[in-house]
Amino acid sequence: MVVSSRRRAFYRVAFAALTTLALYLAYDELQSMSLEARALGSTARRISMVLPLGPGNADHKRLFIGLASLARFFDVAGSLEELLIVTPRSDVALLRRMLDERGEQPAAGAGYRRLLERTRVASDHSLVPEFSALRGARRVAGYTKQQVVKLAAAFHVRTDWYLTLDADVVCFREVGFEQLVRGGRGIATMSTVGKHRDWLAWAGGVLRTALHKEPAETPILGVTPSLLHAPTVRAMAKHIAELHVPKRGANWRAALCSWPHFVGEYALYYTYLWKMQLFDGLYDANAADGTYLSHGFSAWSSKEWASFDPKKTFGAQPPPPPGYFIVLQSRGSKIGPEVVWRKIGPFIVAKKTAAQTAAEKAAELDNAKSRSI
């Protein structure tokens, strides 16, 4: 059989193309394995934290209460990969300066400075560029921005798990990776369908499913602070894009930002877990400890704040409560951060030993001398 020179040339080109493609795929697979190995080596037993802020000074003041509690109680050295604070563009420089100035104060302590070393401040627009494009009647409201940011953060963290925080979340008990992720599954504070049926109806519209029609007592994932699984959030984002792009935008972020009445990042996330039957593999809903304490410990309103007893929450009166964070909600309680700090500050600030006090005084004298030179 005689093969024409033209056909032989075609075969050579096809063979070269297939060889190049195979090499590319093999290289891509090796790169993915290498990246995964590096990630596992450095972050497998750490979590990230994501904390979005609204504009204005009130959130900043509350933020420092939360940071003080993390510096005191969270295993920053062994368990924290990064604390990502996301704020409006206009506040980025100011917040960075405030964090640095706080860290330079002797009263900040080594714990706070260690936390500061692992803190990154970013603008909300850097995580969700669509915020810049949507203006006028389509402008995204501040609270909605924080919800979208918590999901978009999954593409910016280096760990499998990340903990979502707000400015009014306080850590009250020693905690690290080992307490939050057990046997590969995260702990969770649960709520019910009956409490958030409207949120779930909205999420069902986005994901085209009907969790909101389940019985009222059906368990669902609670709200902030919540432990999210970053690869699953990214898979959810891809699923949203498949359902709604290009009808609602160029990508999943644009689709969500353009959706009317965005009401719940956790409702959306849990609805996806429920739809794909992923929850039991990722979470232990029956863990003795939840991520946060609600009834009787957190304060969601001014009435609850009036009865809030820090001695019970911080374990000064046994038995210690089962959980690691509380929520002293700023919107609901309308209690200023100064009032909050006066009530819980003494339980967060560790009592200094005589040696620590002497060392801090010596540092202050050294700083004073260096400034006078």
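Straight-line cross-link reach from residue 334 at under 12 Å between alpha-carbon atoms covers these aspartates and glutamates, not counting any fewer than eight positions away in the same chain: 168, 304.
Backbone amide hydrogens, once placed in the peptide plane, bring residue 182 within less than 5 Å of 187, excluding anything fewer than 5 places away on its chain.
When the listed pairs 150/213; 145/195; 213/303 are checked against a 30 Å cut-off, the alpha-carbon distance exceeds it for 213/303.
Close amide H pairs (under 5 Å, H built 1.01 Å from N) link residue 83 with 49, 119, 120, residues at least 5 positions away or on another chain.
Over all directions, the projected convex hull of the C-alpha atoms in the stretch 43-349 averages 15.4 nm² in area.
Counting other Cβ atoms within 10 Å as a rough exposure proxy, the listed residues 242, 81 run 242, 81 from fewest neighbours to most.
The alpha-carbon of residue 275 sits under 13 angstrom from the alpha-carbons of these aspartates and glutamates, leaving out residues fewer than 8 places away in its chain: 214.
Throughout, read-outs are computed from the coordinates displayed, never taken from laboratory work. What you are looking at is a predicted structure, and each value in this text was computed from that prediction instead of being measured. A quick note on method: Cβ atoms are made from the backbone with ideal geometry, for glycine too, and the neighbour counts reach across all protein chains shown.
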